[in-house]
Structures are given as structure tokens and as C-alpha cells.
Amino acid sequence: MIELFNITKKYGNKTAINNISLFVRSGEVLGLLGPNGAGKSTTMRIIAGYLLPTSGSVKVAGFDVVKEPVTAKRHIGYLPENPPLYKDMTVCDYINFAAELRGLKGKDKAHHVNRVIEEVGIPDVKKRLIGHLSRGYRQRVGLAQALVANPQVLILDEPTVGLDPQQITEIRQLIKELSGKRTVILSSHILPEVSSLCHRVAIINKGNLIVENTPQNLGKSLMGHREIIVQIKGPQDKIRTALESLSGVKNITVSKVLKENLCEYTVQSELDKDIRESLFYTMAEYNFPILEMKSSFMSLEEIFLELVTEEPTAASQREAN
Ligand SMILES: Nc1ncnc2c1ncn2[C@@H]1O[C@H](COP(=O)(O)OP(=O)(O)OP(=O)(O)O)[C@@H](O)[C@H]1O
């Protein structure tokens with residue numbers, strides 16, 4: 001649904017995005033994660049057709065955003081980081097205006113305006129001036145203008161920036177509801193936001209795409225092994241021997257002693273070996289009850305730090321000392 005082929009964007013001599021290729025399938029939510037200045041907004045603007053790439057091409061719903069901008073943009077709803085809201089207009093007038101800009105007229109326009117007002121939850125404030133609304137409601141109005149022509153693709157640049165915690169929760173919930181029917185790409189520098197909303201994550205840093213995968217797979221591949229945390233009742237030494245007998249197990253540590261004869265074990269195994277079933281049957285054979293078992297992944301925060309934090313150079317260390 002969204003296809004980026006080798007996109008590079010230069011501002012003068014500065015390369016803001018360097019040869020990025022990305023694919024977002026229909027119905028998928030992709031999170032673009034990166035620190036300030038990574039190139040997130042530039043990427044979003046290029047996909048939305050608001051900025052031309054220096055090289056490379058972008059397709060949305062099969063249409064080239066540079067060569068067929070009008071058709072491509074019919075499929076795109078874009079919420080910029082600072083949506084241009086006219087504070088002296090009422091919500092209703094503004095959304096009607098946004099609908100007209102997208103070529104909607106007459107009954108069709110009225111239908112879409114009413115639909116989107118319901119969809120983003122703003123019927124109660126539709127007669128109010130935008131300037132009198134809270135930031136959370138203004139963001140909903142921004143979403144409404146992006147959605148008024150019922151696009152298949154939604155591009156959201158830092159959709160929760162500047163909102164208070166309550167508003168953040170509400171807007172995230174709204175994005176979840178909206179994303180069910182659409183393909184969404186959203187940018188954020190907030191890790192829990194990306195992991196809670198997105199199927200896949202693309203981490204960019206200094207204009208380069210560092211990695212792209214599901215949050216779970218990113219964790220697995222970076223850890224270099226699988227990890228299971230399991231609470232087992234029984235004598236520690238015998239449990240350890242039983243765990244060691246499982247094929248693929250690389251390392252066992254007792255991570256917590258919960259009671260006498262009840263410990264939590266962290267069991268590392270080879271990346272391609274899922275030992276959960278054999279662990280279960282082995283413990284059942286020995287009569288050691290498993291009280292809890294879960295897979296452990298690297299948190300997105302750990303992944304992010306691992307990928308975007310650079311090793312300090314000798315020069316920067318000397319400077320710090
Ligand atoms: N119009 C411009 N002219 C020159 N340089 C620019 C321009 N817009 C962005 N840049 C530079 O390009 C790089 C990427 O900027 P971009 O706004 O895409 O990053 P970002 O990841 O969205 O950051 P933030 O989270 O701070 O918005 C930055 O170094 C920025 O200073």
C-alpha cells in the first residue's frame with residue numbers, strides 16, 4: 001500500500017534521508033521511530049506528497065506520488081506535526097473547508113463531514129471555534145481533516161506530541177480504532193507508543209534506516225538467543241539438571257528464589273529452538289510443577305538504545321574526561 005524505493009532527500013549539502021526503502025502492507029500500522037532530527041518528518045512529508053525526494057520514488061495505493069500526485073493524494077490523509085488549523089473558524093466550517101479542498105461537494109460532502117465528526121468523536125464541539133478547544137480536541141480536528149475524504153492511507157506525524165497524559169491515552173485509543181480499517185504510518189520518538197500501536201517498527205537514525213521488523217522479532221534477533229522465564233516447584237539442583245538435558249538450552253540462571261523449593265529460572269536457548277513444549281513435558285515427567293512460564297524479549301527501549309546509541313569515540317571520551 002505504501003512503497004518507498006531508495007528515497008534520498010538532501011537539503012542543500014545536508015542529507016536528511018539516505019537511500020531509504022520501506023514497504024507497508026494494506027491494513028498494517030508502521031511506526032517510524034527515531035530521535036530528533038532522524039528524518040521522520042521528512043520521510044512523512046515525502047510520502048504525503050508535500051516534499052519532493054532528491055532521488056528515489058514513492059507509491060501509495062499503486063500511484064506514484066511524484067508523477068501522479070493528484071490521484072495518489074486522493075488515497076492519503078496526512079496529519080502534519082503542526083496541523084494548519086484556523087483558530088477563528090468553527091470546527092464544522094473548518095472540516096467543510098477541508099472537504100471542499102479535497103473536491104467533495106453537495107450531499108457527498110455533507111455525508112463525509114458528518115461521518116468524520118462522529119468517527120473522531122467531536123460532535124459536541126462542532127459549533128465551537130477551534131481556538132477555544134483543548135489541544136486534545138484540536139488534534140482530533142486535525143485527524144478529522146486528514147480523514148474527511150475517507151483515505152485508505154493515514155500518515156500521522158508525531159500525533160501525540162504536546163498533549164497531556166489523558167489526551168495522549170485518548171488519541172492513542174482513537175488511532176487504534178481508526179487503524180483497523182486503514183494502512184497507517186506514524187512517527188514517534190516515544191517507544192511505548194510505537195510498541196502499543198504498531199505492527200512493525202522502522203528505526204531511523206541520522207537519515208538511515210537502521211532496522212525494520214516487528215517489535216518481538218527485533219528483540220529476538222538482537223538478543224542473539226531466546227529466553228524463557230519459568231517458575232518451577234522442586235529441588236533446585238534436580239530442576240537444573242533436567243533443564244540442562246533439554247536440547248538447545250545454552251544457559252540457565254536462577255533469577256529469583258520465591259520460596260523454599262520454588263524458584264524462577266531464566267533459560268536461554270538457541271535462537272531457532274523453541275523449548276517450551278519439551279520443557280513442559282520434561283518437568284511433568286519429573287513431577288516438578290510449572291507455575292508460570294513466559295518468553296522474555298528485549299524491550300523496545302533496549303533495542304532502540306542498542307541501535308541508535310553510538311559507542312563513544314576515543315576523542316569524545318577524552319573530551320568528557
Ligand atoms: N527545510 C529544511 N532545510 C534544511 N534542513 C532541514 C529542513 N528540514 C529538516 N532539515 C534537517 O533534516 C534533518 C531531518 O529532519 P526531520 O525534521 O525530518 O527530522 P525528525 O526525525 O522529524 O525530527 P523531529 O523529531 O525533531 O521533528 C534534520 O537534521 C533537520 O535539521
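When all protein chains stay in place and ligands, DNA and RNA are ignored, the 1.4 Å accessible-area order of 132, 112, largest first, is 132, 112. Here the Karplus relation 6.51 cos²θ - 1.76 cosθ + 1.60, evaluated at θ = phi - 60°, turns the backbone of segment 107-113 into coupling constants of 5, 4, 4, 4, 4, 5, 5 Hz, with x for every Gly and Pro.
For the chain, DSSP calls about 70 percent of its internal beta bridges antiparallel. Do you know the relative contact order of segment 2-219, to the nearest whole percent, from alpha carbon pairs under 8 angstrom that are 6+ apart? Relative contact order comes out at 30 percent. With the cut-off at 22 Å, tell me which of the pairs 40/109; 87/181; 14/59; 233/294; 73/105; 109/181 have Cα atoms farther apart than that. Among 40/109; 87/181; 14/59; 233/294; 73/105; 109/181, the Cα-Cα distance tops 22 Å for 40/109; 87/181; 14/59. A simple rule links phi to the HN-Hα coupling: the Karplus curve 6.51 cos²θ - 1.76 cosθ + 1.60 with θ = phi - 60°, which for segment 46-54 gives 5, 5, 6, x, 9, 8, 8, x, 6 Hz, with x for Gly and Pro. Computed over protein heavy atoms with a 1.4 Å probe, the accessible surface of segment 69-199 works out to 47 Å² per residue.
Packing here is the average count of other Cβ atoms within 10 Å per residue, and on that basis the peptides 187-193, 39-45, highest first, run 39-45, 187-193. Summarised in one figure, the compactness ratio Rg/Rh of the chain, Cα atoms and Kirkwood Rh, is 1.10. The apolar share of the surface of the chain, taken as the fraction of accessible area on carbon and sulfur atoms (1.4 Å probe, ligands and nucleic acids excluded), comes to 49 percent. Under 5 Å between amide hydrogens, built in the peptide plane, is the criterion, and for residue 89 it picks out 130, 131 among residues at least 5 positions away or on other chains.
Summed over qualifying helices (DSSP H, 4 residues or more, each -39500 (n - 2.57)) and divided by its residue number, the chain shows a 222 nm mean residue ellipticity of -11000 deg cm²/dmol.
The values are calculated or read from the model by the stated rules, or taken from the named source; none is laboratory data. For clarity, every value in this text was computed on a predicted model and none was experimentally measured. All Cβ positions, glycine included, derive from the backbone under ideal geometry; neighbour counts span all protein chains shown. Accessible surface areas use protein heavy atoms only, side chains included; no ligands, DNA or RNA. Shrake-Rupley method; radii C 1.70, N 1.55, O 1.52, S 1.80 Å.
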